[in-house]
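Shown next, in C-alpha cells, is the structure this report addresses.
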C-alpha cells in the first residue's frame, strides 16, 4: 500500500515541476530576443525559488516543533545541506555558463541552470518533507 502511495506521490511531484517547466518553455518559445529569453528564465527562477523557500521553511518549522536529539541533529543537517547546496548550485551554474564566457548567452545559460537545479532540489526536499511528515523530524 505505502509503495503505491509513494509512486503516486512521486508522479504528482514530477508533474508539478513539469507543469512549472512547461510555462517556461512556452515563454521561451514565444521569445523573440535574448532579453525576452532572460525575462522568461528570470520569472521561472523566481517561481522555483518561491516554491523552494516554502518547502524549506515548512521543513525547518517541522523540525523546530519536534523535540529530542534527532530533531536537533536533523535541523542542523538540513540547514547545512541547504547552505552547501546553494554554494554548489551557484558554482556549478557559473561553470556551465562559462561555455559562453563573455558572450550574450552566458547569463541565459546560467539562469536556465539555476532553474533546473532549483526544480531538482524542490523534488529532493519534497521527498524529505513527505518522509518527515510521516515519521516526524
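The values are calculated or read from the model by the stated rules, or taken from the named source; none is laboratory data. Note that the coordinates shown come from a computational prediction; the quantities given were computed from them, not determined experimentally. With ideal geometry, Cβ positions are generated from the backbone for all residues, glycine too; neighbour counts draw on all protein chains shown.
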Completion exercise
Only one of (1) farther than 16 Å from residue 111 by Cα; (2) part of a helix (DSSP H, G or I) does not apply to residue 45, and that is (1)
Exercise for the section: Take segment 65-89 and flag every residue that is part of a helix (DSSP H, G or I) and either without any contact (Cβ under 8 Å) to a residue 12 or more places away in the chain or touching a strand residue (DSSP E or B) at 6+ places or on another chain (Cβ under 6 Å) (or both). Expected result: 69, 72, 73, 76, 77, 80, 81, 83, 84, 86, 87, 88
Exercise for the section: Give me the pairs, please: first residue somewhere in segment 39-60 and within 28 Å of residue 72 (Cβ to Cβ), second residue anywhere and surrounded by fewer than 15 Cβ atoms within 10 Å (Cβ to Cβ) and modelled with pLDDT of 95 or more, beta-carbon distance under 9 Å, and either six or more positions apart or on two chains. Expected result: 60/79
Exercise for the section: Could you look through segment 90-109, keep only residues that are free of Cβ contacts under 8 Å to residues at least 40 places away in the same chain and in a loop (DSSP other than H, G, I, E, B), and pick out the one that is surrounded by the fewest Cβ atoms within 10 Å (Cβ to Cβ)? Expected result: 102
